[in-house]
Amino acid sequence: MPFIRTYLIISSIYTLMKEKFPGVYLIDRKLATHNKTPGYRVYGEKTVKKKGKEYRMWDPHRSKVAAALAKGMKTFPISPGSSVLYLGASSGTTASHIADIAETVYCVEFSKRMMRELLPVCDRKQNMIPILADARHPWEYSNTIANADVLIQDVAQPDQAGILLNNYDTFKFKHALLSIKARSINSAKDPKKVFKAEKKKLTQKFEILEQLSLEPYEEDHMLLNLKAK
């Protein structure tokens, strides 16, 4: 019994931790971000303290960006200093982790109900800017956004590639992470054919650096890691 107690103490002290990308960490092989608002949790996520800092565990079952990272994304376009335009920010689950990394996150959300949940998160994480607007109409919020280096898009609309392209024409971001929801585009069509058609729309203006299926975290979803040409 004394041996078991000693082992537990040692294992809790020597938690394995490394930085996967700038601002993105692996703690015991699980994703995490450094919490810029210590003591505050957004969606009941676990927190870990390490060397005087608090880290929020980033659940790939609750975040498509985290799912892509868990599936082995090789390049991550967001780093400290980035300005991010997030289309479909919802209640702020993923956006709050992005805000732990980036300098500013512009959170565009169309649903008033989701915006009511997002606003308290933005109050606590003040580098998150809430914008109630339709992602299909970037001119509605273009005056609010000073600049955007990276776009993240997670919207359940039929023209997902078109929405990204319209926003690119307005903001000229350098990189994008696009979550394609095949069933929102065409529920009767083979998801592989849907993904192929959406990718074809993007290739004139973007290089596809990576394409990652999000299964088993999300069914019939793919995340594209894009770089503007």
- line: Taking region 207-220 and keeping only residues that are touching a helix residue (DSSP H, G or I) at 6+ places or on another chain (Cβ under 8 Å), at pLDDT 95 or above, over 15 Å from Phe76 (Cα atoms) and not aliphatic (A, V, I, L, M), one is left with Tyr217
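Taking the residues in region 196-211 that are part of a helix (DSSP H, G or I) and touching a residue at least 40 places away in the same chain (Cβ under 8 Å) as candidates, determine which candidate is surrounded by the fewest Cβ atoms within 10 Å (Cβ to Cβ). Let's see the steps before the verdict.
From region 196-211, those part of a helix (DSSP H, G or I) are 196-202; that's our starting set.
Now narrow it down to the ones that are touching a residue at least 40 places away in the same chain (Cβ under 8 Å): 201-202.
Details: Lys201: 15, Leu202: 21.
So, considering only residues that are part of a helix (DSSP H, G or I) and touching a residue at least 40 places away in the same chain (Cβ under 8 Å), the one surrounded by the fewest Cβ atoms within 10 Å (Cβ to Cβ) is Lys201.
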field: Residue that is surrounded by 14 or more Cβ atoms within 10 Å (Cβ to Cβ), of a type outside the set (Lys, Arg) and closer than 16 Å to Leu85 by Cα, where the choices are Tyr217, Tyr168
entry: Tyr168
message: Show me the strands (runs of 3 or more DSSP E) entirely contained within region 11-98 in which 2 or more residues are hydrophobic (A, V, I, L, M, F, W, C) and buried (at least 22 other Cβ atoms within 10 Å of the Cβ).
response: 30-34, 83-87
query: Is there a residue in region 176-188 that is closer than 17 Å to Leu69 by Cα, in a loop (DSSP other than H, G, I, E, B) and free of Cβ contacts under 8 Å to residues at least 60 places away in the same chain?
result: no
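Is it true that Ile152 is in a strand (DSSP E or B) and either within 19 Å of the chain's Cα centre (by Cα) or assigned by TED's automatic domain parsing to the domain that holds Ser82 (or both)? Don't jump to the end; show me each part of the working.
Working: in a strand (DSSP E or B): yes; either within 19 Å of the chain's Cα centre (by Cα) or assigned by TED's automatic domain parsing to the domain that holds Ser82 (or both): yes.
The answer is yes for Ile152.
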- prompt: List the pairs whose first member sits in region 97-117 and is modelled with pLDDT of 95 or more, whose second member is among the charged types (D, E, K, R), and whose Cβ atoms are under 6 Å apart, counting only residues at least 6 apart or on separate chains?
  reply: Ala99/Lys125; Asp100/Lys36; Phe110/Asp134; Met115/Glu109
field: Filter result (crowded, with 16+ Cβ neighbours inside 10 Å and either within 15 Å of the chain's Cα centre (by Cα) or at pLDDT below 95 (or both)) within region 130-147
entry: none
- prompt: Do we have Lys199 as touching a strand residue (DSSP E or B) at 6+ places or on another chain (Cβ under 9 Å), closer than 20 Å to Phe76 by Cα and of a type in the set (D, E, K, R) here?
  reply: yes
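Any residue that is under 16 Å from Thr94 (Cα atoms) and either touching a residue at least 24 places away in the same chain (Cβ under 8 Å) or in contact with a helix residue (DSSP H, G or I) (Cβ under 7 Å, 6 or more places away or on another chain) (or both) - is there at least one of those in region 161-168? Walk me through it before giving the result.
First pass over region 161-168, keeping only residues under 16 Å from Thr94 (Cα atoms): none.
The answer is no; no qualifying residue exists.
The values are calculated or read from the model by the stated rules, or taken from the named source; none is laboratory data. All figures in this text were calculated on a predicted structure; none of them were measured in a lab. Quick reminder, even Gly has a Cβ in these numbers, built from the backbone with ideal geometry, and neighbours come from all protein chains shown.
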